[in-house]
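As structure tokens, the structure follows; a few thoughts come after it.
The values are calculated or read from the model by the stated rules, or taken from the named source; none is laboratory data. Here the structure is a predicted model, which means the values were calculated and not measured. So basically every Cβ, Gly included, is an ideal-geometry build from the backbone, and we count neighbours across all protein chains shown.
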Amino acid sequence: METKSGQSIVEMALLLPVMLMVLFGIIEFGYLIFAYSMVSQAARNGAEAAAQLPPYQTWLDLRNNPPANYPGFTADPCTRGIMEAIRSDIVLFDGTANEGRRIEDYVTIRYPNGSQTRNLSDRGPIEIEINYPVRSITPLFDMIGLPNGTLNLRVVQRRSIENLGVDPTRPRGVACARDINDWNQNFRQP
């Protein structure tokens with residue numbers, strides 16, 4: 001059998017794109033599994049903290065319509081505790097990803113059955129949702145047409161309320177701020 005000059009170059013030119021797509025796919029799929037497990041664990045940690053320290057709905061409502069004297073979403077000890085639980089041991093949320101945006105920008109805390117279930121007799125659920133954009137580490141996402149090479153991972157974790165956030169070191173034993181006036185009276189640091 002006679003071999004032609006340049007045959008191996010043509011074969012490589014035909015197979016290299018396919019081999020690169022398979023390689024990029026394996027790398028990207030592994031990274032997505034890692035990212036999903038990190039986001040899922042973060043939501044689980046947050047839901048477990050929220051079951052112990054459920055914030056008041058009135059405080060959660062201030063996030064979307066903050067008044068002038070709003071100290072910030074995480075000024076309330078309960079929401080701060082939830083966010084700290086979400087950030088714990090999660091390397092994906094180091095603050096350098098996604099233009100340095102904080103994880104708080106991607107987290108939603110809600111009572112799916114209504115805030116009236118925030119009591120120990122109903123033990124209603126509290127829900128943590130994280131909708132986190134993950135950027136591709138290879139050009140694969142761009143090649144298949146995802147905008148900006150980004151895929152949104154959405155994870156929702158739900159837990160039943162176990163405690164109302166009792167803190168014996170606080171006045172009246174309350175750990176969560178109802179609103180800004182309550183925060184100013186009981187939680188503001190001098």
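Quick notes on this one:
- A search for C-beta distances below 6 Å between a residue of segment 63-74 that is within 19 Å of residue 106 (Cα to Cα) and any residue that is assigned to a loop (DSSP other than H, G, I, E, B), counting only pairs 6+ apart in sequence or on different chains, returns 73/63.
- Some residue of segment 5-24 being out of contact with any strand residue (DSSP E or B) (no Cβ under 9 Å at 6 or more places or on another chain) and closer than 25 Å to residue 91 by Cα: yes
- Total residues in segment 120-163, condition part of a helix (DSSP H, G or I) and either small (Gly, Ala, Ser) or in contact with a Pro (Cβ under 6 Å, 6 or more places away or on another chain) (or both): 1
- Across segment 108-119, the number of residues qualifying as in a loop (DSSP other than H, G, I, E, B) and free of Cβ contacts under 8 Å to residues at least 40 places away in the same chain comes to 2.
- Residue check, residue 185 farther than 30 Å from residue 17 by Cβ, assigned to a helix (DSSP H, G or I) and either at pLDDT 80 or above or of a type in the set (S, T, N, Q) (or both): yes
- Residue count, segment 82-99 (criterion: in a helix (DSSP H, G or I), modelled with pLDDT under 70 and closer than 26 Å to residue 187 by Cβ): 1
- Test result for residue 43, touching a Lys or Arg at 6+ places or on another chain (Cβ under 6 Å) and in contact (Cβ under 8 Å) with a residue 12 or more places away in the chain: no
- Filter pass, residue 79 being assigned to a loop (DSSP other than H, G, I, E, B), surrounded by 15 or more Cβ atoms within 10 Å (Cβ to Cβ) and among the polar types (S, T, N, Q): no
- Restricted to segment 100-122, and to residues there that are at pLDDT 85 or above and touching a Leu at 6+ places or on another chain (Cβ under 8 Å), the residue that is surrounded by the fewest Cβ atoms within 10 Å (Cβ to Cβ) is 110.
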